[in-house]
Every structure is written in C-alpha cells, then in structure tokens.
Amino acid sequence: MPRRRGAPVRSAARGALALLLVAAGISHVTWGRRGYRIVVPDWATKMLHTDKDAIVVASGAAEVLLGAGLVALPRERRRIGAAVAAFFVAVFPGNVHQWRTGRSAPGLSTDRARFVRLFLQAPLVAWAWWSTRE
C-alpha cells in the first residue's frame, strides 16, 4: 500500500507522543510519584474507592502502556490514539484541581505554570488524535 503524503510527519509525531507518555508514566511511578498525589482531587479517591497514591500509580502505568502500544501495536493505532485522547481528557480535572488549589507538583511550581498547563491539554488531545489517523 502506498504511503500517504505526511505519513513520516505523523509517524514522528506519534513516536514523540509515545516517548512523552512513557517518560511521564515512569515519572508517575518513580521520582515524581509523591508530588503527583497533590494533583489528585479528593473527590476522585471517594469516587474510585482508593487512595491518591493508587491513582497516581495507575495513571502512570496507563501512560506507559499507552505509549508502548502506540509503537508496538501499529494495527491498533487508531484505537490507542482514541484511548490516549480520552486519557488526556480524563486527567484534566486533576490539572484544574491543581491550579485551583495552587499546589505545586513536579515541574509546576508557580501559579502561572499551573494555569498555562491547563491550555496544553487540548493540543495533547489533538496530537493524540491527529498522529494516529491516516
């Protein structure tokens, strides 16, 4: 099957997204684990009947698996891309919570950084969607 114009760009964007997801996931289960608990809203622990640490570890594991899936499962690219986009939407309330409470997490130690972070979520969703389509 002939490659479409722009396919190398999408492939590179997908690879970069996979790398970002794996790196973020690793940070969630290792060095940043403690700091990321601050981002988890109290209502999430009540809704999921678990603690903040479990949510951070689960989200980190999901990021690693989604990132790895983008590379290792090319036939499932569209589904995984949709799952990545949904994941970015699902974690947005945590970003809002962090901004509203003014709590620092790794890489987000100022009100301005926390506020700007909110506006990065939409491009992440678009990146996941665009890079996994033909």
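The values are calculated or read from the model by the stated rules, or taken from the named source; none is laboratory data. The model shown is predicted, which means the values in this text are computed figures rather than measured ones. Heads up, the Cβs are rebuilt from the backbone with ideal geometry, glycines too, and the neighbour counts pull from every protein chain shown. Each accessible area value is taken on the protein alone, full model and side chains, heavy atoms only, with ligands, DNA and RNA left out. Shrake-Rupley method; radii C 1.70, N 1.55, O 1.52, S 1.80 Å.
Evaluate segment 45-114: find the radius of gyration of its Cα atoms, find its Kirkwood radius, and give the ratio Rg to Rh.
On the way: Rg = 14.4 Å, Rh = 13.8 Å.
Rounded to two decimals, Rg over Rh is 1.05.
Rounded to the nearest 10 degrees, what's the angle between the helix 111-131 long axis and the longest principal axis of the chain, both from Cα atoms, 0 to 90?
The two axes meet at around 30 degrees.
What accessible area per residue comes out for the chain, rounded to a whole number of Å², with a 1.4 Å probe?
Details: 8310 Å² over 134 residues.
Ligands and nucleic acids excluded, the figure is 62 Å² per residue.
Rank these residues by their accessible area, most exposed first, probe 1.4 Å: Trp43, Trp130.
The most accessible residue leads, giving Trp43, Trp130.
Using only Cα atoms, locate the centre of segment 78-120 and the centre of segment 40-57, then give the distance between them in Å, rounded to an integer.
With segment 78-120 and segment 40-57 each reduced to a Cα centre, they are spaced 16 Å.
Magnitude of the Cβ-charge dipole of the chain, K/R +1 and D/E -1, about the Cα centre, nearest 20 debye?
Here the chain has a charge dipole of around 460 debye.
Compute the acute angle (0 to 90°) between the alpha-carbon long axis of helix 7-29 and the principal axis of greatest extent of the alpha-carbon atoms of the chain; round to the nearest 10°.
Value to nearest ten degrees: 30.
If you wrap segment 1-53's Cα atoms in a convex hull and average its projection over all directions, what's the area in nm²? Working shown, then result.
On the way: hull surface 23.7 nm².
That works out to 5.9 nm².
Sorting Val40, Val125, Val9 by accessible area (1.4 Å probe), largest first, what list results?
Putting Val40, Val125, Val9 in descending order of accessible area: Val9, Val125, Val40.
Which one, Trp129, Ala61, Gly32, projects farthest toward the positive side of the charge dipole computed for the chain from Cβ point charges (K/R +1, D/E -1)?
Trp129
Using a simple spin-label model with points 7 Å from Cα along the Cα→Cβ vector, what separation in nm is obtained for Ala68 and Lys46?
In this crude spin-label approximation the distance works out to 3.5 nm.
Could you pull the Rg and Dmax for the chain, using just the Cα atoms, both in Å?
Spelled out, the Cα radius of gyration and Dmax of the chain are 15.7, 52 Å.
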